[in-house]
Amino acid sequence: MTSALLEVDNLSIGYRTAGGISLAVDGVSFRVDRGGSLGLVGESGCGKTTIGMGLMGLLAPNATIVSGQVRFEGEDLMTASDARMRQIRWRRISMIFQAAMNALNPVHRVQDQIAEAIITHEPDLSGHSVAHRTRSLFDLVKIPESRLQDYPHQFSGGMRQRVIIAMALACNPSLIIADEPTTALDVIVQNQILSAIGTFQEEMNIGMIFISHDIAVVADVCTNIGVMHAGSLVEYGSRQEVLDCPGHPYTRMLVGSLLTLSDQPADLSGVACAMGDNGPATVEGCPINSICPDATAVCRRERAGWVELSTTHRVRCSQAGEGR
Amino acid sequence: MGHPSSLSPTPKNTHSISAGKQRHHWVERFLDGWAVYRKNTIGRIGMALLGIFALMALASFVPQMVDPMYHPMTGVDPEISHSTGPSMRHWLGTDFIGRDIFSQLLAGARIAFMVGISSALISILFGTTIGMVAGYAGKGTDIWVIVLMIALFRWPGVARVIRSQTLSLKHRPFIEAARVAGASHGRIIFRHILPNVMPLALLYMTFRVTSAIIIEAALAFLGFGDPGSVSWGMMLQWVWKTGHMFQAPYWLLPPGICISLITMAFYMAGRAMDDVLDPRLRKEEIKP
Amino acid sequence: MALRRFVLRRLVEIAVIFFVIMTVLFILFRLAPGDPVSRMVDPSMTPEDARLLMESMGLDQPLWTQYIYYLKNVVTGNMGVSFHYGEPVIGILMDRLPNTILLFTTSIILSALLGVFLGKIAAWRRGERIDTLMTIGALFCHTLFLPWLALIMIWFFGYRVGWFPITGMISPEVWIHPDAGFMAKALDVLYHMVLPLMTLVLIHFGSYLLVMRSSMLDTLKDDYIITARAKGLDEKTIRDHHAAPNAALPVVTSVGLSLAFSINGGALTETVFTWPGIGRELVFSVSHSDYPLAQAAFLLIAIVVLVANLVVDVLYAYLDPRIRY
């Protein structure tokens, strides 16, 4: 078994609101191996991005980590000082942002933005080697070196995404958190970006957490998949296990929504919660009992514990493993 | 005739109402806006300051009734022929020929209000009308109206803003519905467009008033004022030209403070108007 | 290069606007009640001189020809002779122009820098006491009546504590002195510039501060700020290197918009501090009915404002890479 790069144990993150703390992430545990990849899938607002930001220590000022432990390369990130977190950011854990967002600063040349990350973490490097590394990063993501001097607005969406990937790789991190990196791109570009990410991740032996609402995309690049719903992880297992025999009804709906070439249209009913209802559950019982076809009285009464389907596959559903 | 107000963007009165009730709707709109305005602290402070200045302007008629020597322009204290400091007889002292500074200050408030109100009326009346007509009529008339505006020179700012607002309103469904329903142009402009540009016009009015007061004060300070009346700018000019700023702070400070404060008051009052204009800025209690 | 083409286009625009201003001024001077000839010719001239001057300016010709003459005179810089100084006005104004530009540009640059710097801090520490203090202070300075502030400056700094000179631009004894080098002269001008500069900066920095503060608050919500944090940059770099350059762009725009207003303030400041600039000459000429001087001063100020606007536009293009003309 490979060594764990990142271990997240029972992590809960809440937002301070007028009515007390409301949990956006509720008791999530997972691990990422060195060179392994985990896909976090779930609908908007289920807490995926909050987890990513929480790992980086970049939560919004009104958010707070309620409980849990995060160990990265053996180091406890929850107790790390601000200065230590700054050293870890990008050097050890970097992020790939969505290019459709304004992730690149519009008034600086892309070359300078990449170089800035390198210089911040490796201040002893000579200007020449920084420039050299920037050029090779551009080579790696297949952008002509002549465009190093350009500004972000001069790139197309796909190119900008490549720049962002190049930037994420700048300091040879051991973990990359990719937050919806392909969401606003068209399918062809999306494919190119995905295969690029997959290649680097494998070749450079980088651990990755891939956050997406699209289970098809996650299935493409990740060895492990975690399905999130309403702030908690409801299913966790290897890609094969989760896709082939989804144990949780919500996962079944997500997998069912995958477009196939069969005649039968995918059944999308009940996949999403009603708007405004996708936050963490506060009611008693299983959060999805109202839309679950197999819900029983037990489901309405209490939340299910973890059920181990195999050593690597676990599901949080009281019906799992029984009568299926 | 089916009135199209059901498409109008006002949240209230979504039921069809007759022309007679339209005025009622108008008043209600105003009261709604006022209710929002009143909650704004900055707006309240601005309004309170403006109230004080209005009282000063009203009080400016009193001193010369008490004694002719308190007349701001012609009244001279027979016993004083130079600038003196504050006393019971002259609360803020006297100027270089023995005129009462306090009554001059009151008279200055009157001038400031006259300048402010006349510029407000002009900008509101002409600016809004021209802006609405230009925006509503579109292309051909546009150029001539702008030529007219430039020729008359004083309210292009207001007119320009109102024009662009009208242009954006013109294509909203409720205006088109009114047109389809057979409303005349005049009716559309005054019944449907005017209520929607009014808050914006009021906001620009406060800017206009502020700059009019400052310009009047600056011109009076430079000696281009109306020599027949006393304004704050003129008081400052007297302090300056007679070299009294070195020894008579009691004379130098009040008019300057008044000009600065009235500008700030109008600015604050206008700032609070933003709240009425833009509902997103309101700090509303979240309703269950 | 594209920028050069943009500047050329703007120069043509400026020429057109200037032509319109010239024409309006011509019409205003001819439309005003009274005899236009008496406005252009010094009443104290001998009849012979007056006739020569009138001929040189075409005042004996029909209106249309006068207009052509007027345009020609403006273009060739022959704007008549000042009644008061008895010299060609163009020479007088060219003499004053550098003084105005010195005071004007220094004050604008200083107040914009101060506004950007303080607005940046206010936004960064939003809601804290320092933010409240700065916002209120900026609003307060912004609404001060300029000539009054100038008088207060003179009263306090020039009289009560007596730190700075209150009139003029130079001390003659420094300049007459045979050993006076460039440094001594420059320092002398700087010393005289302190009070007018402080007045202008105090009046103008407030609005820039408010613009910068609100723009910075918007910028801090942008995604590239999160990127910068994720990169592990320290907070100061994020504020100064990533947020501030983006937030300062609207300030540049507002500097451009307030140029005309600034020149009004410049004229008042020059007058109160007897700074020998164009603004003071304009006020002086209007109050002394020196029409040739007034007309030329007005036109020159129009040119200064138009060119300053062009400079601001070019600066904006330089600061914002997304704008390429």
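Being among the hydroxyl-bearing types (Ser, Thr, Tyr) and either in a helix (DSSP H, G or I) or over 28 Å from residue A:242 (Cα atoms) (or both), is that true of even one residue in region A:154-166? Lay out the reasoning, then the answer.
Taking region A:154-166 and keeping what is among the hydroxyl-bearing types (Ser, Thr, Tyr), we get A:156.
Next cut, either in a helix (DSSP H, G or I) or over 28 Å from residue A:242 (Cα atoms) (or both) only: A:156.
So far as region A:154-166 goes, yes, one or more of its residues are among the hydroxyl-bearing types (Ser, Thr, Tyr) and either in a helix (DSSP H, G or I) or over 28 Å from residue A:242 (Cα atoms) (or both).
What helices (runs of 4 or more DSSP H), lying completely within region C:149-240, carry at least 2 residues that are more than 29 Å from the chain's Cα centre (by Cα) and modelled with pLDDT of 90 or more?
Working: elements: C:172-176, C:182-219, C:223-230.
Of the helices (runs of 4 or more DSSP H) lying wholly inside region C:149-240, those with at least 2 residues that are more than 29 Å from the chain's Cα centre (by Cα) and modelled with pLDDT of 90 or more span C:182-219, C:223-230.
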Only unsatisfied item for residue C:218, checking (1) surrounded by 23 or more Cβ atoms within 10 Å (Cβ to Cβ); (2) more than 9 Å from every other protein chain (Cβ to nearest Cβ), is (1)
So residue B:192 clears everything in (1) assigned to a helix (DSSP H, G or I); (2) within 24 Å of residue B:263 (Cβ to Cβ) except one condition, right? Which one? (2)
Looking only at region A:174-222, count every residue that is of a type in the set (Gly, Ala, Ser), in contact (Cβ under 8 Å) with a residue 40 or more places away in the chain and in contact with a strand residue (DSSP E or B) (Cβ under 9 Å, 6 or more places away or on another chain) and tell me the total. 5
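With respect to residue A:196, determine if the residue is surrounded by 16 or more Cβ atoms within 10 Å (Cβ to Cβ) and closer than 15 Å to residue A:90 by Cβ.
On the way: surrounded by 16 or more Cβ atoms within 10 Å (Cβ to Cβ): yes; closer than 15 Å to residue A:90 by Cβ: no.
Taking the combined requirement at face value, the residue does not satisfy it.
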Which count do you get for residues in region C:285-325 that are assigned to a helix (DSSP H, G or I) and either at the interface with another protein chain (Cβ under 10 Å from one of its Cβ atoms) or closer than 19 Å to residue C:22 by Cβ (or both)? 24
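Conditions (1) at negative phi; (2) facing another protein chain (nearest Cβ under 10 Å), marked per residue:
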{"position": "A:76", "(1), (2)": "yes, no"}
{"position": "A:104", "(1), (2)": "yes, yes"}
{"position": "A:134", "(1), (2)": "yes, no"}
{"position": "A:137", "(1), (2)": "yes, no"}
{"position": "A:142", "(1), (2)": "no, no"}
{"position": "A:155", "(1), (2)": "yes, no"}
{"position": "A:162", "(1), (2)": "yes, no"}
Between A:21, A:13, which is surrounded by fewer than 17 Cβ atoms within 10 Å (Cβ to Cβ), in contact (Cβ under 8 Å) with a residue 40 or more places away in the chain and among the β-branched types (Val, Ile, Thr)? A:21
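With the requirement that a residue be among the hydrophobic types (A, V, I, L, M, F, W, C) and either within 17 Å of residue A:175 (Cα to Cα) or facing chain C (nearest Cβ under 7 Å) (or both), what does region A:81-94 give you?
A:85, A:88, A:90, A:93 - these are the residues of region A:81-94 that are among the hydrophobic types (A, V, I, L, M, F, W, C) and either within 17 Å of residue A:175 (Cα to Cα) or facing chain C (nearest Cβ under 7 Å) (or both).
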Selection from region C:222-260 of residues that are free of Cβ contacts under 8 Å to residues at least 12 places away in the same chain and more than 10 Å from chain A (Cβ to nearest Cβ): C:236, C:257
Looking at (1) touching a residue at least 12 places away in the same chain (Cβ under 8 Å); (2) touching a Phe, Trp or Tyr at 6+ places or on another chain (Cβ under 8 Å); (3) more than 14 Å from every other protein chain (Cβ to nearest Cβ), which is the one condition that is false for residue A:47? (2)
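Taking the condition out of contact with any helix residue (DSSP H, G or I) (no Cβ under 8 Å at 6 or more places or on another chain), free of Cβ contacts under 8 Å to residues at least 40 places away in the same chain, closer than 29 Å to residue B:42 by Cα and away from chain B (no Cβ under 13 Å), does residue C:129 pass?
Working: out of contact with any helix residue (DSSP H, G or I) (no Cβ under 8 Å at 6 or more places or on another chain): yes; free of Cβ contacts under 8 Å to residues at least 40 places away in the same chain: yes; closer than 29 Å to residue B:42 by Cα: yes; away from chain B (no Cβ under 13 Å): yes.
So residue C:129 passes the test.
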Being buried (at least 22 other Cβ atoms within 10 Å of the Cβ) and either free of Cβ contacts under 8 Å to residues at least 24 places away in the same chain or among the hydrophobic types (A, V, I, L, M, F, W, C) (or both) narrows it down to one residue among A:60, A:83, A:103; which is it? A:103
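Could you run through region B:212-245 and say how many residues are out of contact with any Pro (no Cβ under 7 Å at 6 or more places or on another chain), facing chain C (nearest Cβ under 9 Å) and under 18 Å from residue C:266 (Cα atoms)? Walk me through it before giving the result.
Step one: filter region B:212-245 for residues out of contact with any Pro (no Cβ under 7 Å at 6 or more places or on another chain), giving B:212-217, B:219-220, B:222-229, B:231, B:233-234, B:237-245.
Those left that are additionally facing chain C (nearest Cβ under 9 Å): B:214-215, B:217, B:222-224, B:233, B:237, B:239-240, B:245.
Among the residues that remain, those that are also under 18 Å from residue C:266 (Cα atoms) are: B:214-215, B:217, B:222-224, B:233, B:237, B:240.
Final tally of qualifying residues: 9.
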Checking residue B:248 against (1) buried (at least 21 other Cβ atoms within 10 Å of the Cβ); (2) at the interface with chain C (Cβ under 9 Å from one of its Cβ atoms); (3) modelled with pLDDT under 90: exactly one of these is not met. Which one? (2)
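Tell me, please, whether a residue that is part of a loop (DSSP other than H, G, I, E, B), touching a His at 6+ places or on another chain (Cβ under 8 Å) and of a type in the set (Asp, Glu) can be found in region A:170-193.
The first filter runs over region A:170-193 and keeps only residues part of a loop (DSSP other than H, G, I, E, B), leaving A:170-174, A:180-186.
Now drop any that are not touching a His at 6+ places or on another chain (Cβ under 8 Å), which leaves A:171, A:180, A:183.
Next, from what is left, pick out any that are of a type in the set (Asp, Glu): A:180.
Looking through region A:170-193, at least one residue is part of a loop (DSSP other than H, G, I, E, B), touching a His at 6+ places or on another chain (Cβ under 8 Å) and of a type in the set (Asp, Glu).
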Quick one: what pairs do we get from region C:185-197, first residue buried (at least 17 other Cβ atoms within 10 Å of the Cβ), second assigned to a helix (DSSP H, G or I) and basic (Lys, Arg), C-beta under 9 Å, 6+ apart or different chains? none
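The values are calculated or read from the model by the stated rules, or taken from the named source; none is laboratory data. As the structure is a prediction and not an experimental result, all values here were calculated from the model. Cβ atoms come from the backbone with ideal geometry, glycine included; neighbour counts cover every protein chain shown.
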